[in-house]
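The block underneath contains the structure these notes are about, expressed in structure tokens.
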Amino acid sequence: MSEKNNSQDIEMVPEETGDEADPAATIKKLRERLTRCEAEKGEYLTGWQRAKADLINYKKDEAKRFEEVAKFSAEGLIAETVQVLDSFDLALQHEVPREIERGIVLIRSQLEDILRRHGLEMLAATGKKFEPALHESIGEVEAEVAEGTVVEELQKGYLLHGKVLRPARVKISRLRHQRPNSDHK
């Protein structure tokens, strides 16, 4: 039978008679029970901490993924808009009245500024070492510069947030072939 102490709400251990009344055995049972409860508590706490850490990591990973999606969500639109920049460049290569040329340059620079704010970067190619990840070789030209150097840019290349949006189309240098001297045999 168990009695409740109203002032402390502690469950009293019933007094037992005979062999079961041994206080040492009762204490031993209570300690074993306490040890089991502490082990369970430790397991639950560890599981909860692991679950909490997993949730925090999941939230961080999702935030990074969302950020990446947001960065590149407009990639298609920006890639198509880059073609408009090409058209402006093509228009500027032809003879047009000065007022029209200023307007074209102004509109092109405004468009380029908007795209730059959204992560677009122009690749500088001419004079650089050819890099297949950044450049697309259209041909080779004999030149007096180191072999494999970009000597002519046919179409500008662009990066979007550090990722190649469009490689630059270029011509690269190759060394001029020297004719063998006919005096040596």
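Regarding Ile107, is this residue assigned to a helix (DSSP H, G or I) and either small (Gly, Ala, Ser) or over 26 Å from Ala74 (Cβ atoms) (or both)? Write out each step before concluding.
Values: assigned to a helix (DSSP H, G or I): yes; either small (Gly, Ala, Ser) or over 26 Å from Ala74 (Cβ atoms) (or both): no.
No; evaluated as a whole, the condition is false for this residue.
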Task: Options Leu115, Leu134, Leu106, Leu85; residue that is assigned by TED's automatic domain parsing to the domain that holds Arg169 and of a type in the set (A, V, I, L, M) - done: Leu134
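With Val170, Val164 as the choices, which residue is crowded, with 19+ Cβ neighbours inside 10 Å and assigned to a strand (DSSP E or B)? It would help to see each step written out before you state the result.
On the way: Val164 fails: crowded, with 19+ Cβ neighbours inside 10 Å.
Only one candidate qualifies: Val170.
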Open item on the list: So in region 127-138, with the set limited to residues that are within 12 Å of Glu153 (Cβ to Cβ) and free of Cβ contacts under 8 Å to residues at least 40 places away in the same chain, which one is nearest to the chain's Cα centre (by Cα)?
Closed with: Leu134
Open item on the list: Which condition from (1) surrounded by 15 or more Cβ atoms within 10 Å (Cβ to Cβ); (2) of a type in the set (Val, Ile, Thr); (3) in contact with a Ser or Thr (Cβ under 9 Å, 6 or more places away or on another chain) is the one that Ile104 breaks?
Closed with: (3)
- [ ] Kindly provide the set of residues from region 63-91 that are exposed (fewer than 14 other Cβ atoms within 10 Å of the Cβ), within 16 Å of Leu160 (Cα to Cα) and among the charged types (D, E, K, R), ordered by number.
- [x] Glu67, Glu68, Glu80
- [ ] Filter region 109-133 for residues that are in contact with a strand residue (DSSP E or B) (Cβ under 8 Å, 6 or more places away or on another chain) and farther than 22 Å from Val84 by Cβ and give the result.
- [x] Thr126, Gly127, Lys128, Lys129, Phe130, Ala133
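The values are calculated or read from the model by the stated rules, or taken from the named source; none is laboratory data. Everything numeric here is computed off the predicted structure, so don't read it as measured data. Here Cβ is always computed from backbone atoms with ideal geometry, including for glycine, and neighbour counts include all displayed protein chains.
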